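Chemist: A single structure is presented below for examination.
The values are calculated or read from the model by the stated rules, or taken from the named source; none is laboratory data. In this text, all values refer to a predicted model and were calculated from it rather than measured experimentally. We place every Cβ from the backbone using ideal geometry, glycine too, and count neighbours over all the protein chains shown.
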There are 2 protein chains.
Amino acid sequence: MTQELIDRIVKMTGKPAHPMLRRGMIFAHRDIEVMLKRKEEGKPFFLYTGRGASSGSLHLGHLVPFILTKYLQDAFDVPLIIQMTDDEKYLWKDLKVDETKKMTKENIKDIISVGFDPKKTFIFTNFDYMCPPFYENVVKVWKCVTTNQSRAIFGFTNEDSMGKAAFPAIESAPCFSSSFPHIFGKRVDIPCLVPCAIDQDPYFRMTRDVAPRLKYPKPSLIFSTFLPALQGAQTKMNASEPLSCIFINDTPKQIKNKINREAFSGGQPTVEEHRQKGGNCDVDISFQFLKFFLDDDDQLEQIQQDYTSGKMLTGELKQLAIAEVQRVIGEIAERRKQVTDATVEEFTKIRPLAYKY
Amino acid sequence: MTQELIDRIVKMTGKPAHPMLRRGMIFAHRDIEVMLKRKEEGKPFFLYTGRGASSGSLHLGHLVPFILTKYLQDAFDVPLIIQMTDDEKYLWKDLKVDETKKMTKENIKDIISVGFDPKKTFIFTNFDYMCPPFYENVVKVWKCVTTNQSRAIFGFTNEDSMGKAAFPAIESAPCFSSSFPHIFGKRVDIPCLVPCAIDQDPYFRMTRDVAPRLKYPKPSLIFSTFLPALQGAQTKMNASEPLSCIFINDTPKQIKNKINREAFSGGQPTVEEHRQKGGNCDVDISFQFLKFFLDDDDQLEQIQQDYTSGKMLTGELKQLAIAEVQRVIGEIAERRKQVTDATVEEFTKIRPLAYKY
């Protein structure tokens, strides 16, 4: 992701770049220029992203690609399609269908709380939406990829279920506008931009290989890095280790305690040593959180200088990170209170989106 | 298929057994007693069969399982579900989706012409019907079978497409009544009897393995043999060799010419030799056709005696076979003339069937 591209996005959208984009957390893309060119020419595209459900509340790491997606929706003013892969969860986990559906519904509420525009956002679950035009695209992708290729891309073994081997096409098919006739009518030529975490790249590399053979446009991609776990910058937040994560439903006090107690520090063992040698922002989780979410570049640079020089202590840095994470989670939690089953219905209903093409 | 079972079916249905059932062409079953017991106890079951589409008209060999199915529908007075695997054809053949859909529609018209009751028959195509409850059952089957098991059953290789590896579950899922809420409501416990040609057994053996794990009843099966090709009893009619087949849209004259010219004869090279040695009914295709379709047991026995003894000549036997095949095809062809797109609509519409449970 070059500075030139970021400047071009800022210029064409008239919106400031998201901190994650300015600071290298949105670090790579595939053919994003194709979408920028379309936007400049007044041609449509759409955003497509997704999520498998997890039990309990989403954590801040889960939200990173959705925060990026919301920024892109606001900046480019395009329709957004979100796939909830409840079928995938059912196939991979020891869960019943009803359990995955229930989890998925709660996850949808968390995702909606990131602030998506209901007039421009269609959220669907595979178990509910698998239907003629979407299924047709699934079958088309199935036909283009051999089991060998799929295994090479995704690492299946013959001991894995048939479903795991079949699934990649189901994540791939929503890249094609013909999967959504209620949104795109009969148009099959509208491409998508997929904001996602880097681990999803294999699905979309496969899709990009397949698209030309189906006479569909290739999806473009924009990748976010993982938000580090509280315990250190080399790991990612993992919901199965609750102390590694900050959840949407954590209270301000829980956020404060987690960061104070768990957030790995780049500071020195003693105040004296810290004043003398300074802290290491690269490994400090509180600083990493500020880097993801604090909008003010000047303030962030000042913090970096002060912490590196030893002028700022770990406790002070943690206070700043706590305030910022409380703000981010607080805004989402506030919206979350308003999200009901009816809101889910509003986002998941088969309907046209407010979209000119 | 024992005589005892056949007698039981005749007694409970009050309908004479179909010639194919009386004469060993319906030669095997799996757990058909379960369905007979349900019928005796007034408990519901349904019939499920299917077909992949082929180009052009169906031939008499294609019709054998459907003729069996119609007999079973009439005898047991139960709902019938027919799956058209247009997706399978697309995956296996060098065809476009639209081509498979068009072929499928024509095949549906041929199948309807066998004489199914529209009030009790639901025909669906996978491309059109893949939908939430059906898809859910597909995914459930996917989860229960490993790629290894699927390969062992169906003989896939890793060079085959992902779709071929995924497909078996799609043929399996209609065995479960919850795939059809418009017919069975919320009932998940209604089992099916699958009339099919013996080559489909692997799909249903897999389904019978999987069903208990999903807490669904196992399907029962009843198998028909293949109708021999005109050229001989060791081969089956094959649409890609038109001279091996008699098609629904063959005229009476074409039927006459095909049987006269192509039907393998069990007779002797000369009349003298035939009178002396007699003919061989076991390899004589004209006789085989009579065995499949001629209802009158006494007449068939007389023919067999006369041909075996040499009293009846090949030409005479062929005349009888021509008349019988012209009658069978003629009845279907007559109905076929009345079948329009609206008839297809009637059979494929999502609707309840006339069915008490």
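Chemist: Can you tell me how many residues in segment A:188-242 are of a type in the set (A, V, I, L, M, F, W, C) and within 17 Å of A:Trp142 (Cα to Cα)?
Modeler: Here the count works out to 5.
Chemist: Tell me the residue from A:Thr69, A:Thr49 that is more than 10 Å from chain B (Cβ to nearest Cβ), under 13 Å from the mean Cα position of the chain (by Cα), in a strand (DSSP E or B) and modelled with pLDDT of 95 or more, please.
Modeler: Going through A:Thr69, A:Thr49 in turn, just one is more than 10 Å from chain B (Cβ to nearest Cβ), under 13 Å from the mean Cα position of the chain (by Cα), in a strand (DSSP E or B) and modelled with pLDDT of 95 or more: A:Thr49.
Chemist: Also, I was wondering about something else. Does B:Leu91 satisfy being touching a residue at least 12 places away in the same chain (Cβ under 8 Å) and either within 9 Å of chain A (Cβ to nearest Cβ) or outside any helix (DSSP H, G or I) (or both)? Show your work before the answer.
Modeler: Numbers: touching a residue at least 12 places away in the same chain (Cβ under 8 Å): yes; either within 9 Å of chain A (Cβ to nearest Cβ) or outside any helix (DSSP H, G or I) (or both): yes.
Answer is yes for this residue.
Chemist: What about B:Asp341, is it within 29 Å of B:Ile82 (Cβ to Cβ) and either among the acidic types (Asp, Glu) or in the same structural domain as B:Phe27 (by TED's automatic domain parsing) (or both)?
Modeler: Yes, satisfied.
Chemist: Related question: Tell me, please, whether a residue that is of a type in the set (A, V, I, L, M, F, W, C), in a loop (DSSP other than H, G, I, E, B) and at pLDDT 95 or above can be found in segment B:333-348.
Modeler: First, pick out the residues of segment B:333-348 that are of a type in the set (A, V, I, L, M, F, W, C): B:333, B:339, B:342, B:344, B:347.
Still in the running and in a loop (DSSP other than H, G, I, E, B): B:339.
In the following step, the residues that additionally are at pLDDT 95 or above were identified as B:339.
Yes, segment B:333-348 contains a residue that is of a type in the set (A, V, I, L, M, F, W, C), in a loop (DSSP other than H, G, I, E, B) and at pLDDT 95 or above.
Chemist: I would also like to ask the following. Out of segment B:122-136, which residues are more than 8 Å from chain A (Cβ to nearest Cβ) and more than 24 Å from the chain's Cα centre (by Cα)?
Modeler: Once the filter is applied, which keeps residues that are more than 8 Å from chain A (Cβ to nearest Cβ) and more than 24 Å from the chain's Cα centre (by Cα), segment B:122-136 yields only B:Pro133.
Chemist: While we're here: Considering only segment B:175-196, I want to know if a residue exists there that is of a type in the set (S, T, N, Q), closer than 25 Å to B:Ile332 by Cβ and in the same structural domain as B:His29 (by TED's automatic domain parsing).
Modeler: No.
Chemist: So, one more: Just to be sure, is A:Val145 among the β-branched types (Val, Ile, Thr), in contact with a Phe, Trp or Tyr (Cβ under 7 Å, 6 or more places away or on another chain) and at the interface with chain B (Cβ under 8 Å from one of its Cβ atoms)?
Modeler: Spelling it out, it is not the case that A:Val145 is among the β-branched types (Val, Ile, Thr), in contact with a Phe, Trp or Tyr (Cβ under 7 Å, 6 or more places away or on another chain) and at the interface with chain B (Cβ under 8 Å from one of its Cβ atoms).
Chemist: Now for a different question. Give, as residue ranges, the helices (runs of 4 or more DSSP H) completely inside segment B:239-293 that count at least 1 residues that are within 24 Å of the chain's Cα centre (by Cα).
Modeler: Of the helices (runs of 4 or more DSSP H) lying wholly inside segment B:239-293, those with at least 1 residues that are within 24 Å of the chain's Cα centre (by Cα) span B:252-262, B:285-293.
Chemist: Being without any contact (Cβ under 8 Å) to a residue 40 or more places away in the chain, within 11 Å of chain A (Cβ to nearest Cβ), under 26 Å from B:Pro44 (Cα atoms) and in contact with an Asp or Glu (Cβ under 8 Å, 6 or more places away or on another chain) is the requirement here; does B:Val139 meet it?
Modeler: So B:Val139 passes the test.
Chemist: In this structure, is A:Lys119 farther than 19 Å from A:Ala197 by Cα, assigned to a loop (DSSP other than H, G, I, E, B), more than 14 Å from the chain's Cα centre (by Cα) and not assigned by TED's automatic domain parsing to the domain that holds A:Ala239?
Modeler: yes
Chemist: Can you tell me which residues in segment B:207-258 are of a type in the set (Val, Ile, Thr) and either more than 28 Å from B:Arg335 (Cα to Cα) or in contact with a helix residue (DSSP H, G or I) (Cβ under 8 Å, 6 or more places away or on another chain) (or both)?
Modeler: B:Thr207, B:Val210, B:Ile222, B:Thr225, B:Thr235, B:Ile246, B:Ile248, B:Ile255
Chemist: State all residues of segment B:276-332 that are surrounded by fewer than 18 Cβ atoms within 10 Å (Cβ to Cβ) and small (Gly, Ala, Ser); if no residue qualifies, say none.
Modeler: Within segment B:276-332, B:Ser309, B:Gly315, B:Ala323, B:Gly330 meet the criteria.
Chemist: Given the criterion assigned to a helix (DSSP H, G or I), out of contact with any Cys (no Cβ under 9 Å at 6 or more places or on another chain), away from chain A (no Cβ under 14 Å) and free of Cβ contacts under 8 Å to residues at least 60 places away in the same chain, identify the matching residue among B:Lys101, B:Lys37. Give the derivation first.
Modeler: Working: B:Lys101 fails: away from chain A (no Cβ under 14 Å).
Being assigned to a helix (DSSP H, G or I), out of contact with any Cys (no Cβ under 9 Å at 6 or more places or on another chain), away from chain A (no Cβ under 14 Å) and free of Cβ contacts under 8 Å to residues at least 60 places away in the same chain holds for just one of B:Lys101, B:Lys37, which is B:Lys37.
Chemist: Looking at segment B:153-165, I want the residues that are over 18 Å from A:Ile153 (Cα atoms) and within 7 Å of another protein chain (Cβ to nearest Cβ) and have a partner that is part of a helix (DSSP H, G or I) and of a type in the set (S, T, N, Q) with Cβ atoms under 6 Å, at least 6 apart or on another chain. Which pairs are those?
Modeler: Short answer, once both residue conditions are applied: none.
Chemist: Does B:Phe180 satisfy the criteria of being more than 10 Å from every other protein chain (Cβ to nearest Cβ), under 23 Å from B:Ala53 (Cβ atoms) and not β-branched (Val, Ile, Thr)?
Modeler: So B:Phe180 fits the description; yes.
Chemist: Taking segment A:177-190, which residues are in a loop (DSSP other than H, G, I, E, B) and either surrounded by fewer than 23 Cβ atoms within 10 Å (Cβ to Cβ) or modelled with pLDDT under 95 (or both)?
Modeler: A:Gly185, A:Lys186, A:Arg187, A:Val188, A:Asp189
Chemist: Quick check on segment B:301-314: of everything there that is outside any loop (DSSP other than H, G, I, E, B) and in contact (Cβ under 8 Å) with a residue 40 or more places away in the chain, which residue is farthest from B:Asn260 (Cα to Cα)?
Modeler: Looking at residues that are outside any loop (DSSP other than H, G, I, E, B) and in contact (Cβ under 8 Å) with a residue 40 or more places away in the chain, I get B:Tyr307.
Chemist: Can you confirm whether A:Asp110 is under 16 Å from the mean Cα position of the chain (by Cα) and part of a helix (DSSP H, G or I)?
Modeler: It is true that A:Asp110 is under 16 Å from the mean Cα position of the chain (by Cα) and part of a helix (DSSP H, G or I).
Chemist: Say whether the condition of being within 14 Å of chain A (Cβ to nearest Cβ) and of a type in the set (A, V, I, L, M, F, W, C) is met by at least one residue in segment B:183-198.
Modeler: yes
Chemist: Which members of segment A:33-79 meet the condition of being buried (at least 21 other Cβ atoms within 10 Å of the Cβ) and aliphatic (A, V, I, L, M)?
Modeler: Within segment A:33-79, A:Met35, A:Leu47, A:Ala53, A:Leu58, A:Leu60, A:Leu63, A:Val64, A:Ile67, A:Leu68, A:Leu72, A:Val78 qualify.
Chemist: Has segment A:249-267 got at least one residue that is farther than 30 Å from A:Gly56 by Cβ and out of contact with any strand residue (DSSP E or B) (no Cβ under 7 Å at 6 or more places or on another chain)?
Modeler: yes
Chemist: Quick test for you: out of B:Asp284, B:Asp296, pick the one residue that is closer than 25 Å to B:Thr225 by Cβ and touching a Gly at 6+ places or on another chain (Cβ under 6 Å). Spell out the reasoning first.
Modeler: On the way: B:Asp296 fails: touching a Gly at 6+ places or on another chain (Cβ under 6 Å).
Of B:Asp284, B:Asp296, the one residue that is closer than 25 Å to B:Thr225 by Cβ and touching a Gly at 6+ places or on another chain (Cβ under 6 Å) is B:Asp284.
Chemist: Looking only at segment B:166-176, which residues are within 9 Å of chain A (Cβ to nearest Cβ) and either in a helix (DSSP H, G or I) or surrounded by fewer than 17 Cβ atoms within 10 Å (Cβ to Cβ) (or both)? Working first, answer last.
Modeler: Within segment B:166-176, the subset within 9 Å of chain A (Cβ to nearest Cβ) is B:166-169.
Listed by number, the residues that qualify are B:Ala166, B:Pro168, B:Ala169.
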